[in-house]
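A.B. asks: Please read through the structure below; I'll follow up with questions.
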Amino acid sequence: MKPLEGVKVVDLTTYLAAPTTVRVLGEWGADCIKIESHKGDPARTQGAVFNMPFTDDENLAFDVANLNKKFITLNLKTEKGLEICYKLLEEADVFVTNTRTKSLVKLGLDYDTLKEKFPKLIFAQVLGYGEKGPEKDTAGFDVTCYMARGGVFGTTVNRGDAPMIPTNGFGDFQVAMSLASGICAALYRREKTGEGDKVTIGLHHAAVYALSTGLISAQYGNQYPKSRKEVSNPFNNVFRTRDNKWVCICCPEYDRDYEKMFTLLGCPEMLEKEQYRHCADVNNNHLNKDVTDVLDGAIAKIDRDDLMKMLKENDMPCEAAYEPLDIYEDEQAWANDVLTRIPYPSGGKIMPTNPVGFASLGKPDYVIGGMQGAHTVEIMKHLGYSDEQIEEIIASGAAEGATGLKPL
């Protein structure tokens, strides 16, 4: 039995964080139905933003957040469209959305309304800035709420440089896993109490939490952003190799590893300089830049693979700063099912898997749902609507059947 087998989820989501939450629940065995408006989830055309092709047959930018779902198209502003939605929620265990609360209130799909109608329902919502405060109704994405307001851009930058340029959805995918865990906790509580619950996560809050070490240490004078030339332990740093690749070295016992490090790197002159041998002296005398400059010069003469081999053979923790194309070739990633291949007309395409595994589950299924409204008729029949009623509802515009991608 799959961990969430028998759990039914209704998905009213767009873009990445919230829909990816449902994708994960589906991989764990839940039965997931996604409701889209007639315009469709804008993520269906995000291939252009991600610099990838997107068609009804192959749309990895959409599928990465929407595998293992069935799709129904409803106009929730109509009486019949909302009626169908309520019928779905009557059967559901979980409702997941990232629609802003003020819009949910207008639709009659806010937590207070649904709690009265469906007291056992788990209501789960992704928010930009949280439920309270002056920004509670402000539109937000991971790049604004998570990366910028949450402190990631300003904290992780090498001081004096521009902020990092993250891949799309960097914060979204982390938030998705957090919300999935919250939903599972709420389902467990319901087993004990018979009561539904409200589970929320803000992109902003999630980012601040991820930066916990920086947040708690800054109040003691550990200020960010930092310069890599001034890190307290020069052996815990990133360096560029001769072949223009970045590597990360993490040797926390500086004093112990000093002689080994500079011997391996071919820097005999450093073995004679007592002022650099002890990390406390380096920091007290502000010699961090001197040591880092020597490391930079030595490592710039060595190719990445040769450096990794040399350091790992001498039990000095290090790793190459992999780029996506490197990860495709990573034997460790494939051995642990970090990646999978999804079949498309153009061939199998690589997709990262969610990082939580279950002994009871094995490898999850990865089912491509298809075009917008692909399951509208099937779902309505399941809810008890006759063929004639379905035709009438679709003709009225309250629902829509299978529809190809609409031109931009």
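The values are calculated or read from the model by the stated rules, or taken from the named source; none is laboratory data. What you are looking at is a predicted structure, and each value in this text was computed from that prediction instead of being measured. Note that we place each Cβ from the backbone using ideal geometry, even for glycine, and neighbour counts take in every protein chain shown. Areas reflect the complete protein model, heavy atoms only, side chains present, ligands, DNA and RNA absent. Shrake-Rupley method; radii C 1.70, N 1.55, O 1.52, S 1.80 Å.
A.B. asks: Taking θ = phi - 60°, what integer Hz values does the Karplus form 6.51 cos²θ - 1.76 cosθ + 1.60 yield along segment 178-190, in sequence order, with x for Gly and Pro?
C.D. replies: 5, 5, 4, 5, x, 4, 4, 5, 5, 5, 5, 4, 5
A.B. asks: Here is a follow-up. Which percent of the accessible heavy-atom area of the chain goes to carbon and sulfur, probe 1.4 angstrom?
C.D. replies: Numbers: 11220 of 21150 Å².
Accessible surface attributable to carbon and sulfur in the chain totals 53 percent.
A.B. asks: Taking amide hydrogens as modeled 1.01 Å from N in the peptide plane, which residues meet the under 5 Å criterion relative to T14, leaving out close sequence neighbours?
C.D. replies: Placed amide hydrogens put N98 under 5 Å from T14.
A.B. asks: In debye, nearest 20, what is the charge dipole magnitude of segment 279-408 about its Cα centre with +1 on Lys and Arg Cβ and -1 on Asp and Glu Cβ, if you could check? Please report the intermediate quantities before stating the final value.
C.D. replies: On the way: 10 positive and 23 negative charges, 39 e Å.
About 180 debye.
A.B. asks: Can you give the accessible area per residue of segment 320-408, in Å², using a 1.4 Å probe?
C.D. replies: The answer is 61 Å² per residue.
A.B. asks: Right, here's the next one. Using a 1.4 angstrom probe, figure out how much accessible area segment 245-319 has per residue, in square angstrom, rounded to the nearest whole.
C.D. replies: Working: 4110 Å² over 75 residues.
Heavy-atom accessible area per residue stands at 55 Å².
A.B. asks: May I ask you to compute the full-extension gain from E392 to I327, defined as 0.36 nm times their residue separation minus their alpha-carbon distance, rounded to one decimal in nm?
C.D. replies: Values: separation 65, 0.36 × 65 = 23.40 nm, distance 5.08 nm.
The span from E392 to I327 would gain 18.3 nm if fully extended.
A.B. asks: May I ask for the net charge around D306, where only other residues with Cβ less than 12 Å from the Cβ of D306 are counted and Lys, Arg are +1 while Asp, Glu are -1?
C.D. replies: Values: positive: R242, K245, K301, R304, K309, K312; negative: D243, D303, D305, E313.
Every neighbour counted, the sum reads +2.
A.B. asks: What is the sum of charges around S37, taking Lys and Arg as +1, Asp and Glu as -1, for the other residues whose C-beta is under 10 Å from the C-beta of S37? If you can, show how the numbers build up before the last one.
C.D. replies: Details: positive: K39, K77; negative: E36, D41, E400.
Here the count lands on -1.
A.B. asks: Name the residue from G370, Y209, T403 whose Cα lies farthest towards the positive end of the charge dipole of the chain, charges +1 on Cβ of Lys and Arg and -1 on Cβ of Asp and Glu.
C.D. replies: Among G370, Y209, T403, the one farthest towards the positive end of the dipole of the chain is Y209.
A.B. asks: Right, something else. Nearest 10 degrees, 0 to 90: what angle lies between the long axis of helix 79-91 and the longest principal axis of the chain (Cα atoms)?
C.D. replies: Between the helix axis and the principal axis of the chain, the angle is about 70 degrees.
A.B. asks: What ratio of Cα Rg to 2.2 N^0.38 Å holds for segment 245-319?
C.D. replies: On the way: Rg = 12.1 Å, N = 75, 2.2 N^0.38 = 11.3 Å.
After normalising by residue count via 2.2 N^0.38 Å, the value is 1.06.
A.B. asks: Protein chains only, probe 1.4 Å: how do E91, E392, E58 rank by accessible area, largest first?
C.D. replies: Working: E91 75, E392 135, E58 35 Å².
Reading off the accessible areas and sorting them downward yields E392, E91, E58.
A.B. asks: Run the numbers on segment 149-273 and let me know its relative contact order in percent, using alpha-carbon pairs under 8 Å that are six or more apart. The partial results should precede the final answer.
C.D. replies: Working: 101 pairs, mean separation 29.5, N = 125.
Across segment 149-273, relative contact order equals 24 percent.
A.B. asks: Provide the net charge surrounding I84, with neighbours chosen by a C-beta distance below 12 Å and charges set as Lys +1, Arg +1, Asp -1, Glu -1.
C.D. replies: On the way: positive: K80, K87, K381; negative: E79, E83, E90, E91, E400.
That works out to -2.
A.B. asks: Now for a different question. If you count only protein heavy atoms with a 1.4 Å probe, what accessible area per residue comes out for segment 53-114, rounded to a whole Å²? Intermediate results must be reported in sequence, preceding the final value.
C.D. replies: Numbers: 2550 Å² over 62 residues.
Accessible surface, normalised per residue, equals 41 Å².
A.B. asks: Right, here's the next one. Between S37 and W246, with labels modelled 7 Å along Cα→Cβ, what's the label distance in nm to one decimal, could you check?
C.D. replies: Here the modelled spin labels are 3.8 nm apart.
A.B. asks: Right, something else. Work from the charge dipole of segment 245-319 (Cβ charges, +1 for Lys and Arg, -1 for Asp and Glu, about the Cα centre) and give the residue of N285, A300, L271 farthest towards its positive end.
C.D. replies: Comparing the listed Cα positions along the dipole, A300 ranks first.
A.B. asks: Then there is this: Kindly sort V7, V49 by accessible area of their heavy atoms, largest first, with the probe set to 1.4 Å. Show your work: numbers first, answer last.
C.D. replies: Values: V7 25, V49 85 Å².
Listed by decreasing accessible area, they come as V49, V7.
A.B. asks: In addition: Enumerate the calculated ³J(HN,Hα) couplings along segment 258-275 in order (Karplus 6.51 cos²θ - 1.76 cosθ + 1.60, θ = phi - 60°), each rounded to whole Hz, writing x wherever the residue is Gly or Pro.
C.D. replies: 4, 5, 4, 4, 7, 5, 4, 7, x, 10, x, 4, 6, 6, 9, 9, 4, 5
A.B. asks: Label E83 and K273 with points 7 Å out from Cα along Cα→Cβ: what is the distance between them in nm?
C.D. replies: Between E83 and K273, the label points sit 8.1 nm apart.
A.B. asks: Write out the trypsin sites (Lys or Arg not before Pro) in segment 65-137 meeting two conditions: DSSP loop, and at most 13 other Cβ atoms within 10 Å of their Cβ. Provide the component values of the computation, followed by the final result.
C.D. replies: Details: sites: K69, K70, K77, K80, K87, R100, K102, K106, K115, K117, K120, K132, K136; in loops: K69, K77, R100, K120, K132, K136.
For trypsin sites (Lys or Arg not before Pro) across segment 65-137 that sit outside H, G, I, E and B with at most 13 neighbouring Cβ atoms in 10 Å, the list reads K77, K120, K132.
A.B. asks: Just one of (i) 49, 23, 19; (ii) 37, 26, 19; (iii) 57, 25, 20 is semi-axes √(5λ) of the Cα gyration tensor in Å as worked out from the coordinates here. Which one is it?
C.D. replies: (i)
A.B. asks: Moving on. Using a cut-off of 22 Å between alpha-carbon atoms, which lysines can reach K229, once sequence neighbours fewer than 8 places away in the same chain are excluded?
C.D. replies: K245, K260, K273, K289, K301
A.B. asks: List the residues, sorted by chain then number, that are 5 or more residues from I122 or on another chain and whose placed amide H is less than 5 Å from its amide H.
C.D. replies: For I122, the qualifying residues are V94, F95, D197.
A.B. asks: Here is a follow-up. If each DSSP helix of 4+ residues adds -39,500 (n - 2.57) and the sum is divided by the residues in the chain, what number results at 222 nm, nearest 500 deg cm²/dmol? Write down the numbers at each step before the final one.
C.D. replies: Numbers: 17 runs with 152 residues, N = 408.
Theoretical 222 nm ellipticity from helices: -10500 deg cm²/dmol.
A.B. asks: Let me ask another. Please report the antiparallel percentage of the DSSP beta bridges confined to the chain, to the nearest 5. List each step's numbers first, then the result.
C.D. replies: Details: 15 of 37 bridges.
In the chain, DSSP labels about 40 percent of beta bridges as antiparallel.
A.B. asks: Any idea how far the Cα center of segment 116-150 sits from the one of segment 353-408, in Å?
C.D. replies: 26
A.B. asks: From the phi of every residue in segment 381-393, what ³J(HN,Hα) in whole Hz does the Karplus formula 6.51 cos²θ - 1.76 cosθ + 1.60 yield, where θ is phi - 60° and glycine or proline is x?
C.D. replies: The phi angles translate into 5, 4, 7, x, 7, 7, 4, 5, 5, 5, 4, 5, 5 Hz.
A.B. asks: How much accessible surface does H375 have with a 1.4 Å probe, in Å² rounded to 10?
C.D. replies: 30
A.B. asks: Can you tell me the dipole magnitude for the chain around its Cα centre, using point charges on the Cβ only (Lys, Arg +1; Asp, Glu -1), in Debye to the nearest 20? Don't skip to the answer; put the middle values down first.
C.D. replies: Numbers: 45 positive and 59 negative charges, 197 e Å.
Dipole size: approximately 940 debye.
A.B. asks: How much length is gained if the chain between M52 and D305 is pulled fully straight, taking 0.36 nm per residue apart and subtracting their Cα-Cα distance, in nm to one decimal?
C.D. replies: On the way: separation 253, 0.36 × 253 = 91.08 nm, distance 3.02 nm.
This chain segment gains 88.1 nm when fully extended.
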